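Notes for the one structure printed next.
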Amino acid sequence: MRRPMHNLARRLRRDAKGVTALEFALTAPLLLLIMAVLIELGMAYYVQAVLIGTINAAGRASSLQSAQTTSATIDSQVTTRMKHVVPWANVTFSRQNYTDFSNVGQPEDFTDSNRNGRYDLGECFNDANGNGVWDADMGKTGLGGANDVVLYTVRVRYAPIFGFSTMLGLPSTMNASASTIMRNQPFATQTTRTVTQIC
């Protein structure tokens, strides 16, 4: 009786049928997760590359005199291009204009009364963009006029292709953004901006 059991055990030890299927079943989920992450990251890099190329072309078109009346058309072209890559993406635009390149992204000047290195409510400031409040960026919203410098920014937000990729540390919303800075063509005399001191 012990002999047949011993023979059966020996046969089972040597039998390799089905081992490949078992190994595949154990490793396939991990391989699929790695592939999903690689696809998501590849998509993110591709979206960023297309966005940079698109915004460079759009920035050049935006600086032309005709852009004063066609900025919505330029935005529509950028949106169409990005939707070819990510059809479910949300594409948003912003334009800030400045008198020259040195002002881009700079805060409005203020009098630091308490010398703490930052603007506090009640301190005097120079209102460069005419909105009546101190801003960390002195730019005016919009395309500006002749010879103005424009910071054109496009942001693309989209849900990942694979919803479960958040379990692997990827964000629940993928973001890409790109900016370009250009000077509007001198189709007229640049408007002088009035800076008002507010206390």
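Between Thr80, Thr92, Thr99, the distinction of being at pLDDT 85 or above, among the β-branched types (Val, Ile, Thr) and over 18 Å from the mean Cα position of the chain (by Cα) belongs to Thr99 only.
I'd like to check something: does region 12-33 contain any residue that is surrounded by 11 or more Cβ atoms within 10 Å (Cβ to Cβ), in a helix (DSSP H, G or I) and either modelled with pLDDT under 90 or out of contact with any Pro (no Cβ under 6 Å at 6 or more places or on another chain) (or both)? Yes, region 12-33 contains a residue that is surrounded by 11 or more Cβ atoms within 10 Å (Cβ to Cβ), in a helix (DSSP H, G or I) and either modelled with pLDDT under 90 or out of contact with any Pro (no Cβ under 6 Å at 6 or more places or on another chain) (or both). Applying the criterion of being in a loop (DSSP other than H, G, I, E, B) and of a type in the set (D, E, K, R) to the residues of region 140-198, the residue that is farthest from Thr73 (Cα to Cα) is Arg193.
Among the residues that make up region 87-99, is at least one of them in contact (Cβ under 8 Å) with a residue 12 or more places away in the chain, surrounded by 14 or more Cβ atoms within 10 Å (Cβ to Cβ), among the charged types (D, E, K, R) and under 18 Å from Met182 (Cβ atoms)? Yes, the conditions are met somewhere in region 87-99. Of everything in region 34-64 that is loosely packed, with under 14 Cβ neighbours inside 10 Å and among the small types (Gly, Ala, Ser), the residue that is nearest to Asp148 (Cα to Cα) is Gly53.
Inspection of region 117-124 identifies no residue that is touching a residue at least 60 places away in the same chain (Cβ under 8 Å), within 28 Å of Gln185 (Cβ to Cβ) and in a loop (DSSP other than H, G, I, E, B). Residues that are of a type in the set (Gly, Ala, Ser) and modelled with pLDDT of 90 or more within region 137-154 comprise just one, Gly139.
The values are calculated or read from the model by the stated rules, or taken from the named source; none is laboratory data. If you're wondering where the values come from, they're calculated on a predicted model, not measured in any experiment. Positions of Cβ are backbone-derived with ideal geometry, glycine not excepted, and every protein chain shown enters the neighbour counts.
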